[in-house]
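The values are calculated or read from the model by the stated rules, or taken from the named source; none is laboratory data. Only a predicted model underlies this, so the values are computations on that prediction, with no experimental measurement involved. We place every Cβ from the backbone using ideal geometry, glycine too, and count neighbours over all the protein chains shown. Ligands, DNA and RNA are excluded from the accessible area calculation, which covers all protein heavy atoms including side chains. Shrake-Rupley method; radii C 1.70, N 1.55, O 1.52, S 1.80 Å.
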Amino acid sequence: MDIATYVNSMRDPAGLPFYPIVFQFLLVLTFALHIIMVNLVVGSTFLAIWEIWKRDSFGLRLSKALGRVITVGMSIAIVLGVAPLLFVQVIYDPFWYTATTLSAFWALLFLVVITLAFYAGYGFYLGNRRAEVDTAKTGWALVAAGLLLFTALFIHMLSMEQLMPQHWKEWIVSANGAVSYSGGEFHGVEFGRLLHILIPSFAVTGVFLMLYAAYFKDRGDYDPEYLEYVGQKGAWMAFWASALAIGAGFWWLGLIPQEFHFARNPFFLAGAILGVATTAYIGASVYRPQERAIPSALLMFLTVFVMCCAREALRMKHMSQAGYSIYNYPVNADWPSTILFFATFIMGLFVLYFPAVAAFEAGKVRSGQIATLDPSIGRKAVSAMIAWFVIVAGLGIIVSLKNGVLF
Amino acid sequence: MYPFWEVPFFTSGMVIALIATFHILPCHLATGAFWFTVFVERKAYKENRPELLEFIKKYTLLILIFCFVIGSLSGVGIWYAATVASPRGISGLIHNYVWGWATEWVFFIIEIASIYVYYYTLGKIDPKSHLMMGWLYAWAAWISMIIITGILAFMLSSGKWVETGGFFDGFFNQTYWPQLLTRTALMFCIAGVYAAIVASTLRNKAVRKELVRAAGLWGVLGMLAGLAFTAWYLHRLPAHAKELWLDQSLPYLGHLLNVAGISYAIVLLWFVVCCLIRPKLAGPVSGIIILIVLFLGIGAGEGFREGARRPYIIDQYMYGNQIVARDIPAKHIKAEVPKFNKEGFLSHLFFRPDKINPDNKNQLIRAGSVVVHYQCGNCHALDRFGKMRPLKRLLANLEPESPEDIEGFLDSLGDYPYMPPFAGNELDRKAASEYLFSVVVRR
């Protein structure tokens, strides 16, 4: 059996419940959102340590603020990560399942390590939350940073193994015919690619600091000098990290098989152009970080999204070498469940407006003051949830009665 | 077939079971806790009692630290564990219910947004809006349970799906409603235990007593409702599952139910005695003991659910060893056992020795090891010191005198109501028998 026969025969017999390009788009979009949050967590953790080491009052204050970013960001990153994890299993199932079972031990160790990293993040946040203004401890942040790097390595390895189907069999079936079931394979680490994912952590965190400075500038109880310090630090960090990320990107490009001609790929070209443009724009914004925060954030998001498209294009190139294309995956379209998801997704965006407004308004008032929201926003959000429940429960009762399974 | 991952002593299936059991506590707490939280917050505003808000802050922080670390990661952990233990099983679920999971994900996003905003804006936004944020979280969390229960119920009773292949036909099946209501009742019980533990640490004695009692009442009511729904759930089990349980085909199912029942009684007693009658007795120590009891009870209950669907991992559709059990014409799916019986199991494997000479005993045993790992290893420990349904010991009890004796046993596997049939041709059977005989002889 050759590798093409294997990967194509391992597609799920049920086929796809909708067209593959839709899953692919959702995969790339949700991965972009996930990786931005991951970058924010990694960058914030390292920056929090650095700012404490510097031992000045602005640095300590910023470091403590980042403690909250680390914990909240990690929660959001994990939840956002569920979606790409789901969609990759739908269209790239033969690759995902093979690589993960080959490295089962590492896949499960990843969970242990990320859990410990999360608690270390909480240790840092809660440990310093009540500390005196001029003191802070880095111990837990150092632990979290180290563990986060391990998780990055594990996930990078799992991604890379998916791109190496030609080696799968030799990893676990020895020449004398013995088969290994240990799940301990660890292959394919490419530092160029890993750095291209990790270095933007500092760029994303830098842009976040610019937004932070811009957001709090109207609040009277925030020292303008502190906000200026944060904004400029963010802009400089974003500029240098973006420039370095471009360098790492070209290093990665050099590791890609030449026959892919990936330097001519339109997504790669667009990503590279956007990366350079974003770097230049942020470079020109270092002395006006608060004014330029929102355009910088939009450019950064666009760059990350297009780079995620380029990453997807590269994956398709790798997989086409194994005779695999998602576009000829058999489809058994299931319209009712597809409608359920997209209708819920739209409703979700509407509902999320409420917590978004609440968070925004609460952060805008001075300490000790209370923000008053339009009560109809919350009422509508909760009503939408109840409506969803009534519709789906009603549908469930009808289906159950029709199928005779209710009583 | 995907590569096989072997877990010494306990099997990979136990890894899923352990993570899944561990996931239930935080995830049911996450779904149930906020109904109690908004109840307390509403009371605080209505009766103008700001002292109750200390509980809100503490309880929400516990939910954040416990549910949104352990809960969310163990949820992802179930996926990872299922991926490495039963990749075709989880693939089968995902390819039928991807939109279900994606819909649940939307509610996860709402949950995480609303709980963080709820926690960090207490005292920073107006009380009405804050309370509404609590309601938003409570609904989002419960709806996520409404969705995932459909997929879990599908694994136990796939319903009309086997005929129609329709998403909702499989989702709203015969065990869906009783299972949803049972889990809903259980979530109030778990929320009650945690609420009582947190309330018992409050500084204000009167508030402490009042909230421990309230948490106890929620727990008792949840558990009493749970009793009725559990009875309905057991009544609605598929006939095959009832047979395994009531006809003693699998006696351990009865034992698991007993453990679950005893745990249930202990927790109910704790609520009555330590929360309602003598609230002083509720505290972190007794609470943590009760959490351990709950953990055992949940593990037993989930173990029963998993055992009752044997020999399938997805009812009627896929066997525990990840082989497709029947045709699903609506999805163009073909049963795989006839194909493997005709064309051979080994010949369809990618991760196998290249050379298999039936006349070479060593090669045959190596090939047999591959067949046995794939077809038996999900449920049976294959290593020498295996503890989970160890094949070595089970086969030794049959006292086979030759590989041919084992071949005969393999032929009859499908006669056991809880075992998948052996899938393979003459060569596969011969190879598996040689390997299994070598395992018994090695004792």
- Item | Tensor-based shape of chain A (alpha-carbon gyration tensor, a/c under 1.5 rounded, otherwise prolate or oblate) | oblate
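What are the chymotrypsin sites (Phe, Trp or Tyr not before Pro) within the stretch B:360-443 that DSSP puts in a loop, where the Cβ has at most 15 other Cβ atoms within 10 Å?
On the way: sites: B:Y374, B:F385, B:F409, B:Y418, B:F422, B:Y435, B:F437; in loops: B:F385, B:Y418, B:F422.
Answer by residue number: B:F385.
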- Task: Would you kindly calculate the mean projected area, averaged across all directions, of the convex hull enclosing the Cα atoms of the stretch A:90-242, in square nanometres?
- Result: 12.7 nm²
- Message: For the stretch A:175-326, report the % of Cα-Cα distances exceeding 23 Å.
- Response: 48 percent
- Message: Restricted to Cα positions, what overall size does the stretch A:84-177 have along the principal axes? Three whole-Å values, descending.
- Response: 63, 32, 16
- Message: Probe radius 1.4 Å, ligands and nucleic acids left out: which of A:Y324, B:Y416 has the largest accessible area, and how do the rest follow?
- Response: B:Y416, A:Y324
- Item | Global geometry of the stretch A:335-407, whether rounded, prolate or oblate, following the gyration tensor of its Cα atoms and the 1.5 cut on a/c | prolate
- Using alpha-carbon coordinates, inclination of helix A:93-102 to the longest axis of chain A, degrees: 80 degrees
- Item | At most 11 other Cβ within 10 Å, DSSP loop - trypsin sites (Lys or Arg not before Pro), the stretch B:111-195 | none
- Average Cα contact separation per residue, the stretch A:98-213, under 8 Å, 6 or more apart, as relative contact order %: 36 percent
- Among A:S376, A:S57, A:S182, the residue with the largest mean-square fluctuation in a Gaussian network model of chain A built from Cα contacts under 10 Å is A:S376
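Do me a favour and compute the ellipsoid semi-axes for the protein assembly as shown from its Cα gyration tensor, root of five times each eigenvalue, largest one first, whole Å.
Working: eigenvalues 407, 262, 114 Å².
Taking √(5λ) for each Cα gyration eigenvalue gives 45, 36, 24 Å.
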- Task: Determine one quarter of the surface area of the Cα convex hull of the stretch A:243-401, which equals its mean projected area, and express it in nm² to one decimal.
- Result: 16.0 nm²
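Net charge around B:K342, counting only other residues with Cβ within less than 14 Å of its Cβ (Lys, Arg = +1; Asp, Glu = -1)? Don't jump to the answer; show the numbers that get you there.
Numbers: positive: B:K334, B:K339, B:R429; negative: B:E336, B:E343, B:E426, B:D428.
Result for the local shell: -1.
Within the set of other residues whose C-beta is less than 13 Å from the C-beta of B:V38, count the net charge using Lys and Arg as +1 and Asp and Glu as -1. Write down the numbers at each step before the final one.
Values: positive: B:R42, B:K43, B:K46, B:K128; negative: B:E41.
Charge balance near B:V38 sits at +3.
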- Put a dot 7 Å past each Cα toward the Cβ at A:W236 and A:F25; how far apart are the dots in nm? 4.3 nm
- Message: With a 10 Å cut-off between alpha carbons and a GNM built on chain A, which of A:T338, A:T100, A:T115 moves the most?
- Response: A:T338
- Query: Do you know the relative contact order of chain B, to the nearest whole percent, from alpha carbon pairs under 8 angstrom that are 6+ apart?
  - Reply: 18 percent
- If you build a Gaussian network model of chain A, linking Cα atoms that sit under 10 Å apart, which residue out of A:A65, A:A270, A:A175 swings the most? A:A175
- Message: Looking at chain A, identify the longest residue range that excludes and avoids all trypsin sites (Lys or Arg not before Pro) in DSSP loops having at most 15 other Cβ atoms within 10 Å.
- Response: A:220-365
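Can you give the convex hull volume per residue for the Cα atoms of the stretch A:329-373, as a whole number of Å³?
On the way: hull volume 3.7 nm³, N = 45.
So the per-residue hull volume is 81 Å³.
Ignoring everything except DSSP H segments at least 4 long, calculate the 222 nm mean residue ellipticity for chain A; use -39,500 (n - 2.57) per segment, divide by total residues, nearest 500.
Numbers: 14 runs with 307 residues, N = 407.
Estimated from H runs of four or more residues: -26500 deg cm²/dmol.
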- Restricting to lysines and to Cα separations under 21 Å from B:K46, and discarding same-chain partners fewer than 8 apart, the set is B:K57, B:K58, B:K124, B:K128, B:K205, B:K209
- By the Cα gyration tensor axes a ≥ b ≥ c (a/c under 1.5 gives rounded; else a/b larger than b/c gives prolate, otherwise oblate), the shape of chain B is prolate
- Charged-residue dipole, Cβ positions (Lys, Arg, Asp, Glu), the protein assembly as shown about Cα centre, Debye nearest 20: 2240 debye
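How high is the FRET efficiency from A:Q166 to B:K209, r the C-beta distance, R0 56 Å, rounded to 0.05?
Numbers: r = 68 Å, r/R0 = 1.22.
Computed FRET efficiency for A:Q166 and B:K209: 0.25.
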- Message: Net charge within 12 Å of B:L131 by Cβ-Cβ distance, Lys/Arg positive one each and Asp/Glu negative one each, not counting B:L131 itself?
- Response: +3
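For n ≥ 4 DSSP H runs only, could you compute -39500 (n - 2.57) per run for chain B, divide by its residues and tell me the 222 nm figure to the nearest 500? Mind dumping the intermediate values first?
Numbers: 17 runs with 296 residues, N = 443.
Taking each H run of at least 4 residues, the total per residue is -22500 deg cm²/dmol.
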- Query: Given a 1.4 Å probe and the protein chains all in place, what does the accessible area of A:C309 round to, in Å² to the nearest 10?
  - Reply: 20 Å²
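Of the listed pairs A:K317/B:K334; A:K169/B:K387; A:K169/B:K355, which have alpha-carbon separations greater than 23 Å here? List each step's numbers first, then the result.
Numbers: A:K317/B:K334 31 Å; A:K169/B:K387 30 Å; A:K169/B:K355 14 Å.
Too far apart for the 23 Å limit: A:K317/B:K334; A:K169/B:K387.
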- Item | Enclosed volume per residue, in Å³, of the convex hull spanned by Cα atoms of the stretch B:116-251 | 147 Å³
- How large is the convex hull of the Cα atoms of the stretch B:337-441 per residue, expressed in Å³ as a whole number? 101 Å³
- Residue range of chain B that is longest and free of GluC sites (Glu not before Pro) which are both DSSP loop and sparsely packed (at most 12 other C-beta within 10 Å): B:48-400
- Task: In whole Hz, with x marking every Gly and Pro, tabulate ³J(HN,Hα) for the stretch B:262-269 from phi via Karplus 6.51 cos²θ - 1.76 cosθ + 1.60, θ = phi - 60°.
- Result: 5, 4, 4, 5, 5, 5, 4, 4
